Amino acid sequence: MKLILKIINNNIIHRLFYPTVPIILTIKSKNIISGLVVNSCMPLSFNPPLIGVSINKNSFTNELIQEIKYFALNWIDKKHVKKLKFIGTKSGRLSNNKLKDSGFNNMTKDEVEIIMESEAIIKCQIIRKHSVGDHDLFIGKVMKAYASQDFKNYWLFKRYEPILYNGLTEDKEVKLYDSEKSE
């Protein structure tokens with residue numbers, strides 16, 4: 001059997017990593033509460049537990065996160081896909097509380113803004129920032145992590161149904177898929 005592969009344009013290489021489970025990064029800076037849907041998020045170290053999040057240098061969240069010391073990562077069930085899409089498509093520059101405007105309930109806990117509807121939350125303290133092309137990589141040391149009863153060392157998926165993000169379509173519309181169907 002012969003392997004046949006086509007060349008992929010460099011500006012869409014990131015789409016080879018899709019689908020991903022989108023995570024909402026939440027922050028509070030002074031009197032502004034905001035959030036950003038992140039797909040470029042990964043564990044970097046087990047000991048100490050470190051998380052890396054890549055954020056576009058031109059985003060409002062990038063501006064805010066440089067002013068603060070903490071952020072949270074929030075895993076959301078598919079029943080909240082419309083709220084997540086709002087977070088992913090509306091700029092935080094237009095609101096003092098983007099989370100509330102999306103329909104999520106939020107609260108400040110241990111200096112970190114969190115979404116009450118989350119299935120899991122990781123609270124991080126920012127320890128480093130690296131410039132990487134058109135993005136900044138923020139490294140957060142895990143302060144605490146929480147998960148619903150559907151997590152027992154691994155996700156059981158009895159209650160939690162993750163959203164899958166499939167990248168961009170030709171007309172540049174954001175496509176969000178649940179775990180059971182695709183459009």
For this session: Please grab the % of Cα pairs in the range 70-118 that end up more than 14 Å from each other.
Result: 50 percent
Problem set entry | Reciprocal mean inverse distance between Cα atoms of the chain - Kirkwood radius, Å | 17.3 Å
Problem set entry | Under-5 Å amide H pairs with Ser29, H placed in peptide plane, nonlocal only | Ser34
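Would you compute, from DSSP H runs of 4+ residues alone, the mean residue ellipticity of the chain at 222 nm, taking -39500 (n - 2.57) per run and dividing by the full residue count, rounded to the nearest 500? Before the final figure, lay out each step's value.
Numbers: 3 runs with 20 residues, N = 183.
Calculated at 222 nm, the ellipticity per residue is -2500 deg cm²/dmol.
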Problem set entry | Of Lys30/Lys109; Lys83/Lys158; Lys85/Lys129; Lys79/Lys123; Lys6/Lys83, those spanning more than 25 Å from alpha-carbon to alpha-carbon | Lys85/Lys129; Lys6/Lys83
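Counting pairs of alpha carbon atoms under 8 Å apart in space and at least six apart in sequence, what relative contact order in percent does the chain give? Please report the intermediate quantities before stating the final value.
Details: 341 pairs, mean separation 44.1, N = 183.
Over the chain, the number comes to 24 percent.
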Exercise. Along the range 49-66, what does the Karplus equation 6.51 cos²θ - 1.76 cosθ + 1.60 (θ = phi - 60°) give for ³J(HN,Hα), rounded to whole Hz, x for Gly and Pro?
Worked result: x, 10, 10, x, 10, 9, 10, 4, 5, 8, 7, 4, 4, 4, 4, 5, 5, 6
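Readers should treat all values here as calculations from the given coordinates under stated rules, not as data from a laboratory. All of these numbers come straight from a predicted model, not from anything done at the bench.
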